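Working notes, structure below.
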Amino acid sequence: MSDIDTRPGAILKNNLWTSNPIFMQVLGICSALAVTNLLTNTAIMAIGVTFVTGLSSLTVSLIKKWIPRKVRMIVQTLIIAFYVIIVDIALKAYLPEISRSLGPYVGLIITNCIIMGRAEAFAQSNDPLPSLWDGLTSGAGYMGVLMVIAVFRELLGFGTLFGYQILPANFVPWTIMVMPPSAFFLLGIVIWVGKSIMNREGAPA
Amino acid sequence: MNKEGTIYTVVFIFLVSFLFVFLLSMTNQATIEQVELNNEIARQRAVLTAMGIETESPDEVQQEFGNVRADENAGLFAREIDGRTVYAREFVGAGLWGAITGVIAVTDDLSEFVGMEIVSDNETPGLGGRINEGWFKEQFRGEEIPTGPITVTALEGDGDPDRTNGIVDGITGATRTSDSMESIVNQEIETFRDPDVLESLRNLTTGGNA
């Protein structure tokens, strides 16, 4: 695919900024809304997504020439599901508390459109190493936006960051920040700010 | 060989599925002991929390749990805390989507709840799943056990501060889960009042440790 710039720097800039999966492509929104009320959960979730996106892109790219075209999406889903279950098992065994608080959302990484999007749009037609890098940076782009949202939600909803008390004890927590609707507002604000900066830079939005 | 042919496709899918599923089962096998240990610690921690004992590390859980007299087969637990005897029992009840398991602790004269803790549930996250939240569970701490059934019903604000009325604030938008919790807790009170169960609990405290 000649229209994709596969230099590492270009991939990085593209995935973190110019076509950020969350605020440009608006993919992977349900998990962005669900898990972002605590920074720790958000970080673990985003690391999980990054790991899965990176390795599934790598694997798809490695075996792409043996995959029959008509079943390629089934094979991609299988590979993605494989890595997600690995993440799930690892969390259950080594981080049981976080596994419990993330609940069903770990399994739902499978349905995160970013992962299959990268497998189909990039890994299917590029070499393994650029694909790994593309997957990891897409995950990082997702992580960046989620962490920004989580900082506001945890700080205003609980008065803490990573569980450490930041705001004074007499601060009244904003209950709405703990609940999913606040993520809609914050995500909207992030998209607005992101696009405004982008328009000012003159980049195609 | 024709890569797009049916035979190649079937064989390819079979091999790929076999390989990935095989790797998954290896991973599962390698971690199963750790996962079981984690589940056991979570269960012990729930019993301790219901009894009002806060624990931090897994080691602390196991150490504290060593002081609890337990009949694991019947899911009955007893322990002396600050000069009074506390009984606890594991429960399994029907929730909206699946079983709710947990622990309820009461004083030995069955006059008040000591606490309630959820071990696992499949309730809707953000709605029924809120039975896991502190404000809901804390309502049972020190709540008097009425002679009649308790009521779980939606009230204003978070939690019902009155410890004597046998009323617990339910979850708005999760009426079915609230109803389930109500019937589970009432069922548990009945079970604690069963002479056989009470007898087993008394036996636990008088030294008969199973």
Exercise. Only one residue in A:Gly117, A:Gly107, A:Gly144 is surrounded by fewer than 21 Cβ atoms within 10 Å (Cβ to Cβ) and more than 26 Å from B:Leu19 (Cα to Cα). Which one?
Worked result: A:Gly144
For this session: Give just the number: which of (1) of a type in the set (D, E, K, R); (2) closer than 23 Å to A:Ser99 by Cβ; (3) surrounded by 21 or more Cβ atoms within 10 Å (Cβ to Cβ) does B:Glu143 not satisfy?
Result: (2)
Exercise. Of the residues B:Glu80, B:Glu90, B:Glu72, B:Glu64, which is closer than 23 Å to B:Pro149 by Cα and in contact (Cβ under 8 Å) with a residue 12 or more places away in the chain?
Worked result: B:Glu90
For this session: Return a yes/no flag: does segment B:41-53 have any residue that is of a type in the set (A, V, I, L, M, F, W, C), within 11 Å of chain A (Cβ to nearest Cβ) and touching a residue at least 60 places away in the same chain (Cβ under 8 Å).
Result: yes
Exercise. Going through segment A:52-86 one residue at a time, which ones are more than 14 Å from B:Phe20 (Cα to Cα), within 11 Å of chain B (Cβ to nearest Cβ) and in contact (Cβ under 8 Å) with a residue 24 or more places away in the chain?
Worked result: A:Arg72
For this session: Considering every residue within segment A:107-115, establish whether at least one is outside any helix (DSSP H, G or I) and either modelled with pLDDT under 90 or more than 10 Å from every other protein chain (Cβ to nearest Cβ) (or both).
Result: yes
For this session: Take segment A:157-175 and flag every residue that is of a type in the set (Phe, Trp, Tyr) and more than 14 Å from chain B (Cβ to nearest Cβ).
Result: A:Phe162, A:Tyr164, A:Phe171, A:Trp174
For this session: From B:Ile118, B:Ile104, grab the single residue that is surrounded by 18 or more Cβ atoms within 10 Å (Cβ to Cβ) and either within 13 Å of chain A (Cβ to nearest Cβ) or not in a strand (DSSP E or B) (or both).
Result: B:Ile118
Exercise. Of B:Glu56, B:Glu36, which residue is within 14 Å of chain A (Cβ to nearest Cβ), surrounded by fewer than 16 Cβ atoms within 10 Å (Cβ to Cβ) and in a loop (DSSP other than H, G, I, E, B)?
Worked result: B:Glu56
Exercise. Which residues, taken from segment A:176-193, are within 14 Å of chain B (Cβ to nearest Cβ) and surrounded by fewer than 12 Cβ atoms within 10 Å (Cβ to Cβ)?
Worked result: A:Pro181
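The values are calculated or read from the model by the stated rules, or taken from the named source; none is laboratory data. This one's a predicted model, so the numbers in the text were calculated from it and none came from an experiment. Glycine gets a Cβ as well: all are built from the backbone with ideal geometry, and neighbour counts include every protein chain shown.
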